[in-house]
Amino acid sequence: MAVRERMRRLWRRWVPALAAILVLYAAGGAAPGRAQIVVDLELVLAVDASASIVDNTLDFQLAGHAAAFRDPRIIAAIDSGPHRRVAVTLVSWSDPMSFQVLIPWTLLDSADSVRAFADRVEQAPRRDFAGSTGIGAAMLRSAALFGDSGFLSSRRIIDLVSNGTSNIGIRPEYARDTVTAAGITVNGLVILDEVAWLADYFTASVVGGADCFVRVADSRASFARAILDKLVWEIATHDPPPASGRPDRRG
């Protein structure tokens, strides 16, 4: 208990500075002089590995993502873009101190590269952090990855999967406002196995930015379908988004 309280105090002390650094870093792109590959989309896939994820839920999150990237509709969506390529990274998160990049930034520009990414997702380590659910911290740390991605795009999205509400660290509303101020959109995919009103919570407190939305999954079958629909919609949207977006709850 004492350790957790020290973590909370430390996190509250450094949150304002971290948030300010994040906005400058993420908005500024890669370091000057570094070559950047222009893509249609930069996407962070953030899966929940907190203590509320039980009964192999982390495993089916990863399996669902792998299956989605094997679907020909993903390849068709990528091919429909002006640059015909996107950049993706996969991370897992839990409490503010538990964040892991499972697959670093990867260029998807062909059927082979998409299938290879699906294989890497399927083989990613299944490590449950078993910590608290720090949604705000997950957003901030995911957003920081854009600053050194090596890619350049007018569209940057964080896809955050969770089955619970935030219970530690920075408030999601504060993190969301900080992240969206840097031009980053946060979308949500909620698993309704514990909190029946989680979609409403995500709409009010988590998602934000241009054309943001929440997808809902209440079973393993609907989870895989929701991932695929979400990815196709995000990848195939190529026009510059409006300045702000209204959450769109999609089941």
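What follows is calculated from the coordinates using simple rules that are stated; it is not laboratory data. Note that this is a predicted model, so its numbers are computed, not measured.
Once amide H atoms are placed 1.01 Å from N in the peptide plane, what residues at a sequence separation of 5 or more from ASN163, or on another chain, have their amide H within under 5 Å of its amide H?
ILE191
Could you please state, rounded to a whole Å, how far the C-alpha centre of the stretch 195-232 is from the C-alpha centre of the stretch 131-158?
So the two Cα centres are separated by 17 Å.
Over every pair of different alpha-carbon atoms in the stretch 111-182, take the mean of 1/r and invert it; report that Kirkwood radius in Å.
Details: mean 1/r = 0.0693 Å⁻¹.
After inverting the mean inverse Cα-Cα distance, the result is 14.4 Å.
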